Amino acid sequence: MYDMKALYEANSVRHACELLLAHPGAKVIAGGSDVLVQMREGRLAGCELVSIYGLDELRGISLDEDDTLRILPLTSFSHITKHPLINEIIPVLGEAVDMVGGPQVRNIGTIGGNTCNGVTSADSASTLHAWNAVMEITGIGGTRQLSIKEFYVSAGKVALLPGEILTAILIRNADYEGYKGHYIKYAMRNAMDIATTGCSVNVKLTADKKTIEDARIAYGVAGPVPMRAPSAEAAVRGLPANAETAELFGKTALQDVNPRTSWRANREFRLHLCETLAKRALLKAIELSGGEI
Amino acid sequence: MQTKLIKCTINGKERELMIDVRASLTDALRNDFRLTSVKKGCEVGECGACNVLIDGECFNSCIYLAVWADGKDIRTLESLLGEGGELSDIQQAFVDEAAIQCGFCTPGVIMTAVEILDTKRLYTRDELRKLLSGHLCRCTGYENIINAVEKVMKKRLGLP
């Protein structure tokens, strides 16, 4: 038995918003692989829960009319990895979420829960940052959109107001067309582990595949929230797609990151990871884009 | 006590039950349905001892609310039992390959093996390792578990 004060099951998005407004102390539970564990630990003991797990309308992946990729928040990690649209448009997201926990966790864990709990180590979050994801949020009054950068407020806190839930994660055509990406998760184990630091890079090369037209990079666990490294991105734009540029990319990224020492790893090691992973992920992204190193 | 009536299929039979909303699916399967192959291990979704199939996919039932089982098709290790009480091929392979020692992790591992085998695909040993990585076994060292799953996978696909 879970130490739960009450469970309210939402039967629609609107109902979920109403339940959250009616029970201000309640936590949203999607797949529960964080919420239920925290309830066991005691951190959320005695809490009221609003379950949105039953809302099938929040599952699935589709393309909007303007070719925006629409990922609904209750889509499980394993369904993201298997989905044809993900494999076609942004395979790196499928690869990144395939590194979360283990198979059973990937069947219950949702991309919405992974982002809404606001943790920096979330395997989906760095890739979503690196692809300029837009978060669609719904409340009683309607729907609003926020960039994923604005969505993350501080460690464990996202920009959801009382009575609001995340209803879609969008990636616009201009942000994915022509880009190829790679994610590296550095952790002590290959399964059932949390990233010591994770790094997601994507690039768009010029038509001759020799020059970087655009590069984007985001980290998990390089600061209190997932973050981009804008200096590194600016430094390599227009440079040749080669090993020297990758070297510069890794070094410049250090100007943007601010990792801390935790029991998993110290700051110095994480800084080393930030530099090395940026370099390796960029080289791999160039290779995936058809460039030659 | 807050309760909810749920209707679901468990091991092929339609069941209906009034359950406590605070129950995990492990609680419900063990206490209400006496399906004690579903083990209580870590109870935080890390060890895989409580793993069951829900609509054909593996879930750690310890971090799955029992109320969510409403309308679902659930399978536990008990569903593998033959009419005369005989073992299924995958269970027999675990015996033959010495993939069991204390047996606590075994029902969970076998249900993941069922999900793997049901895909009717041929996986490499590395792929099997990844697919089985949601289970902790402190006895076998995993090699024999992988041997057992690999053996049945190949046999069912008609490969040597």
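Each value in this text was obtained by applying a stated rule to the coordinates, not by laboratory testing. Computed from a prediction, not measured in an experiment: that's the story for all the values here. Reconstructed Cβ throughout: ideal geometry from the backbone, glycine too, with neighbour counts over all protein chains shown.
Annotations
- In degrees, nearest ten, helix B:143-156 long axis to first principal axis of chain B (Cα): 90 degrees
- Spatially, region A:107-142 and region A:11-78 are offset by 11 Å when compared through their Cα centroids.
- Think of it as helices only: each DSSP H run of n ≥ 4 in chain B is worth -39500 (n - 2.57), and spread over all residues that comes to -8000 deg cm²/dmol at 222 nm.
- Percent of C-alpha pairs per 5 Å bin, chain B, short to long: 2, 9, 18, 22, 19, 14, 9, 5, 2, 0, 0, 0
- Note that region A:258-273 has calculated 3J(HN,Hα) couplings of 8, x, 10, 8, 9, 5, 6, 6, 8, 4, 4, 5, 5, 5, 4, 4 Hz, one per residue in order, obtained from phi through the Karplus relation 6.51 cos²θ - 1.76 cosθ + 1.60 (θ = phi - 60°); glycine and proline are x.
- Of the trypsin sites (Lys or Arg not before Pro) found in region B:102-152, the ones in coil according to DSSP and having at most 11 other Cβ atoms within 10 Å of their Cβ are B:Lys120, B:Arg121, B:Arg138.
- Euclidean distance between Cα centres, region B:20-81 to region A:253-293, Å: 40 Å
- Taking amide H as placed 1.01 Å from N in the peptide plane, the amide H of A:Val158 sits under 5 Å from that of A:Val153, each at least 5 places away or on another chain.
- Residue-averaged [θ]222 nm for chain A, counting only DSSP H segments that reach four residues, each worth -39500 (n - 2.57): -9500 deg cm²/dmol
- Kirkwood-type radius of region B:3-79, with distances r between different C-alpha atoms, in Å: 12.0 Å
- Per-residue HN-Hα couplings for region B:76-87 [Karplus 6.51, -1.76, 1.60; θ = phi - 60°; Hz; x = Gly/Pro]: 10, 4, 4, 5, 7, 4, x, 4, x, x, 7, 7
- Sequence-distant residues sharing a close amide H with A:Thr75 (under 5 Å, placed H): A:Gly60, A:Ile111, A:Gly112
- Sites matching GluC sites (Glu not before Pro) across region B:43-128 that sit in DSSP coil, with at most 11 neighbouring C-beta atoms within 10 Å: B:Glu83, B:Glu86
- Out-of-range pairs (alpha-carbon distance over 19 Å; input A:Lys149/A:Lys279; A:Lys251/A:Lys279; A:Lys279/B:Lys130; A:Lys180/A:Lys284): A:Lys149/A:Lys279; A:Lys279/B:Lys130
- Annotation: amide H of A:Leu205 within the under-5 Å range of A:Glu213, sequence separation 5 or more or interchain, hydrogens built in the peptide plane.
- Loop sites in region A:102-181: GluC sites (Glu not before Pro), DSSP, at most 15 other Cβ within 10 Å: A:Glu177
- Between the Cα long axis of helix A:243-253 and the first principal axis of chain A there is an angle of about 40°, rounded to the nearest 10.
- The percentage of C-alpha pairs in region B:89-156 whose separation is greater than 18 Å is 23%.
- Cα-based Rg of the protein assembly as shown normalised by 2.2 N^0.38 Å, two decimals: 1.02
- Percent of Cα pairs in region A:56-174 per distance bin of 10 Å, from zero to the largest separation: 14, 50, 32, 4.
- 3J(HN,Hα) along region A:162-178: x, x, 10, 10, 6, 10, 6, 10, 10, 10, 6, 3, 4, 8, 10, 4, x Hz, from the Karplus curve 6.51 cos²θ - 1.76 cosθ + 1.60 with θ = phi - 60°, whole Hz, x for Gly and Pro.
- Pairwise Cα inverse-distance average, inverted: Kirkwood Rh of region A:179-288 (Å): 13.7 Å
- Region A:194-241-region A:158-175 distance, computed between alpha-carbon centres (Å): 22 Å
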